[in-house]
Amino acid sequence: MMLKKNDNHGRQTRGGHSCDPGQSRPRRPEGSNRRMHPKQLAAVFALPPEKRFQHFTGMVADREQAWGLYQDGWALACTDDGTKVFPLWPAKEYAQACALDDWAAYEPREIPLGDLMESLLPKLKSDGVLPGILPTPAGKGATPPVDDVMAALEEELRKYC
């Protein structure tokens, strides 16, 4: 689905997340925060939306963060039928690559996993805003229902508990 950029703004709230209260899950190895090679970005952007969705959930669960674009509010897009979309990426480099055109002045901003799961996604659902999962610089991205994103992330997180 093609996403159209618009200049509406969303809001982020704070929250927390863990598999089991009082117990943290294993962290990824040190060094996995290194910058991605441009060829890796291009290869992921070339994947079909379903594969990008899987890539998104795996990386977000592993890194315990997602990314959006922010400038005095969150960047939003819309579907062809006008439904608002909140674009989300699994790493800063993907978000930065999409900071073009109407979003050129926007900067990548981290969304901690707890905030994503406990605040942002429920807020999007209540507001009727779709999550835009790993949109490409060309504006193509999957727009699954919030419940599908939550379920996929929870399933992925169970692998770490």
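Read-outs throughout are calculated quantities, based only on the coordinates presented, and are distinct from any laboratory measurement. The shown structure was predicted, so the numbers you read here are calculated from the model rather than taken from an experiment. Quick reminder, even Gly has a Cβ in these numbers, built from the backbone with ideal geometry, and neighbours come from all protein chains shown.
Computed over the Cα atoms of region 108-161, the ratio of the radius of gyration to the Kirkwood radius (Rg/Rh) comes to 0.98.
Gyration tensor over the Cα atoms of region 64-161: the corresponding equivalent ellipsoid has semi-axes (square roots of 5 times the eigenvalues, largest first) of 21, 16, 12 Å. In terms of other Cβ atoms within 10 Å, Asp127, Asp81 run from fewest to most in the order Asp81, Asp127.
When peptides 144-150, 133-139 are sorted by average Cβ neighbour count within 10 Å, with the highest value leading, the order is 133-139, 144-150. Computed from label points 7 Å out along Cα-Cβ, the spacing between Ala104 and Glu50 is 3.8 nm. Place a point 7 Å from the Cα of Gln96 along the Cα-to-Cβ direction; which residues of region 39-57 have their backbone N under 11 Å from it? Backbone N within reach: none found. Summarising the strand pairing of region 44-161, around 75 percent of its internal DSSP beta bridges are antiparallel. Which pairs, out of Lys51/Lys159; Lys51/Lys125; Lys39/Lys84; Lys51/Lys123; Lys92/Lys159; Lys92/Lys140, put more than 21 Å between their alpha-carbon atoms? Lys51/Lys125; Lys39/Lys84; Lys51/Lys123; Lys92/Lys159, as the Cα separations exceed 21 Å there.
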